[in-house]
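A.B. asks: Next up is a structure, given as structure tokens.
Every number in this text was worked out from the coordinates using simple rules, so none of it is lab data. Not measured: the values here are computed from a predicted model. Note: ideal-geometry Cβ built from the backbone for every residue, glycine included; neighbour counts use all protein chains shown.
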Amino acid sequence: MNIWQKTSRYNAPVLFLAGFSSCLLLALIVRTGFQPGLEMWLAAALVVSLILHARAGFALSNRQQEIELLQGVVSRFQAVDGDKKPSKSKAPPDLQFEPVDGVREEDAAVLDQVRDAIEHDRLDLYFQPIVSLPQRKHRYFEAFSRLRNADGSVLRPGSYLEAAERANRIGLIDNMILLRAVQALRNLGPESQHYRVFCNISPATIYDTEFFARFTDYLDANEDLAPRLVFEFTYPAIEIMHPKVEENLKGIAKRGFAFSADHIRRMDHNWNALRSKNFRFVKASSAMLLAESRGDASAQMRVKAFKDRLREAGIDLIVEKVEVENDMPEILALGIDYGQGELFGAPRPAGHYLKANAEERSDMIAQLDRAS
């Protein structure tokens, strides 16, 4: 709210006082018969009166502005149980899914399903493993989300993304799903602390600067998640980021959260500049890496040099979309450390992988105990 809007609340009393004073001074001028000397002094008094009243109005406005700023700061905090000291809220930003008008009937029906699933917390967290190579041990997971209808059927992204795009609601849906995924990760329990989870942030989300600023505040109050979360962006979105978004990313990086970039199309990007923004992972598709490496020995050397440049910059390379076993000999020959794809595990409910890995660790501990 600008200064004119804030001052307008004092316009009525200020103008009343100025008008009242002016009437008194003009009456005195008339009664004295418009004597030149007195008229000049009274006119000067009128000007001084108007200036003083105006300054009083702005002074009150400034005081009110200070009060409102303080109220705004206080409202960002909430009391801790049993303590009067304020603390930052861990509640996520509140997003409202407003009804959509002016869209096709079938699109409106689909979006109603999405809204209903989100508002009633029918969102399931799915994991897909990222494995170490060549051992194929689970090292990280990428998080996906699945929405369910009231009858329990899964609402696939392909069935609602196009409708959301046409209705200009894709950003809001992405933001809601992102928040629910972070909340679901927090609620998975202590077992999830053994792994880092990659969580996708879409271009629609990062360009919503208002939401992204509030999301940054939310992460500020949830810094304990920093070792467990990696936020993933597409490289094309990184290249054209708005300066405001880059500032938000810096704020998230300072809190200890790492980033990942996927949809890499070339191997000659400025990887040191990317690492300076706390990007610690890069994903390249198996199709791209294999196409670049096939041919003479120099082709394989170019891919290995690409991997070495990433390593020197402090970035780990993950080969993704690995689908068939026949590609593995060539992938391993390139010396890539991490892989992801249907070959190593399809997206499944998070509990499936967490339970399997907990059992594996228990068996390993039992073997060590027997050996000792």
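A.B. asks: How much FRET efficiency would the formula 1/(1 + (r/R0)^6) give for Asp220 and His120, where r is the Cβ-Cβ distance and R0 is 35 Å, rounded to 0.05?
C.D. replies: 0.80
A.B. asks: Please work out the C-alpha center-to-center distance from the stretch 344-359 to the stretch 225-291 and express it in whole Å.
C.D. replies: Each part's Cα centre sits 26 Å from the other's.
A.B. asks: Moving on. Taking a threshold of 31 Å on the Cα-Cα distance, which of the pairs Lys244/Lys355; Lys244/Lys304; Lys137/Lys304; Lys137/Lys244 fall above it?
C.D. replies: Lys244/Lys355; Lys244/Lys304; Lys137/Lys244
A.B. asks: Provide the packing ranking of 308-314, 121-127, i.e. peptides ordered by the mean count of other C-beta atoms within 10 Å per residue, highest first.
C.D. replies: My ranking of the peptides, most packed first, is 121-127, 308-314.
A.B. asks: Turning to a different aspect of this structure: At what distance in nm do the modelled label points of Gln183 and Asp296 sit from each other, each positioned 7 Å from its Cα along Cα→Cβ?
C.D. replies: Taking the simple label geometry, Gln183 and Asp296 are separated by 5.9 nm.
A.B. asks: Across the stretch 255-300, what fraction of all alpha-carbon pairs, as a whole percent, falls in each successive 5 Å bin from zero upward?
C.D. replies: Per 5 Å bin, starting at 0, the Cα pair percentages come out as 5, 18, 24, 19, 15, 11, 4, 2, 1, 0.
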